[in-house]
Amino acid sequence: MRIKHGIRPARSTDKAGLWLGGFIGALLAGPLPAATLGLVVGINQFVQPNPPLKGAINDAQDIRAALETVGVKDVIVLLDGQATRKAIIAAWNQQVRKAKPGDTLIFTYAGH
């Protein structure tokens with residue numbers, strides 16, 4: 001990638017991150033509910049025959065950053081090998097146990 005005058009061309013993930021940030025901001029516009037909890041999963045590496053991905057982890061990290069930007073303090077992130085079925089279910093159950101009536105739970109998945 002050629003950089004001219006310190007500005008790099010926008011990547012599609014940059015646009016996705018901007019869109020996602022706007023979406024999450026709109027979702028959480030106004031005062032935050034009692035609490036917002038998140039579970040963000042991103043998997044690039046899959047077992048054959050599924051080909052590996054190149055952007056799922058970046059997407060998950062962008063989502064985490066967007067959530068934190070709008071004030072979400074309790075976000076669990078599971079990437080690649082951390083994101084087993086057992087770990088995802090355990091993390092979701094952990095967030096559900098912490099949630100109280102009126103809270104918001106957000107789950108995102110980037111992968112196949």
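The set of residues in the range 60-103 being part of a helix (DSSP H, G or I) and under 9 Å from the mean Cα position of the chain (by Cα) consists of 60, 61, 62, 63, 64, 65, 66, 67. Inspection of the range 60-75 finds a residue satisfying the criterion of being buried (at least 17 other Cβ atoms within 10 Å of the Cβ), within 11 Å of residue 111 (Cβ to Cβ) and either without any contact (Cβ under 8 Å) to a residue 24 or more places away in the chain or not β-branched (Val, Ile, Thr) (or both).
Restricting attention to the range 38-59, the residues being free of Cβ contacts under 8 Å to residues at least 60 places away in the same chain and over 10 Å from the mean Cα position of the chain (by Cα) number 9. Looking at the structure I just gave you, is residue 106 β-branched (Val, Ile, Thr) and either assigned to a helix (DSSP H, G or I) or surrounded by fewer than 17 Cβ atoms within 10 Å (Cβ to Cβ) (or both)? Against the criterion (β-branched (Val, Ile, Thr) and either assigned to a helix (DSSP H, G or I) or surrounded by fewer than 17 Cβ atoms within 10 Å (Cβ to Cβ) (or both)), residue 106 does not qualify.
Do we find that residue 25 is at pLDDT below 90, over 14 Å from residue 107 (Cα atoms) and in a helix (DSSP H, G or I) in this structure? Please lay out each step first, then the result.
Numbers: at pLDDT below 90: yes; over 14 Å from residue 107 (Cα atoms): yes; in a helix (DSSP H, G or I): yes.
Criteria met by residue 25.
Could we say that residue 34 is touching a Gly at 6+ places or on another chain (Cβ under 9 Å) and either modelled with pLDDT under 95 or assigned to a loop (DSSP other than H, G, I, E, B) (or both) here? Yes; evaluated as a whole, the condition is true for this residue.
Within the range 41-59, the set of residues being surrounded by fewer than 18 Cβ atoms within 10 Å (Cβ to Cβ), in contact with a Gly (Cβ under 9 Å, 6 or more places away or on another chain) and charged (D, E, K, R) is empty.
The values are calculated or read from the model by the stated rules, or taken from the named source; none is laboratory data. In this text, all values refer to a predicted model and were calculated from it rather than measured experimentally. FYI the Cβ positions are ideal-geometry reconstructions off the backbone, even for glycines, and counts take in every protein chain you see.
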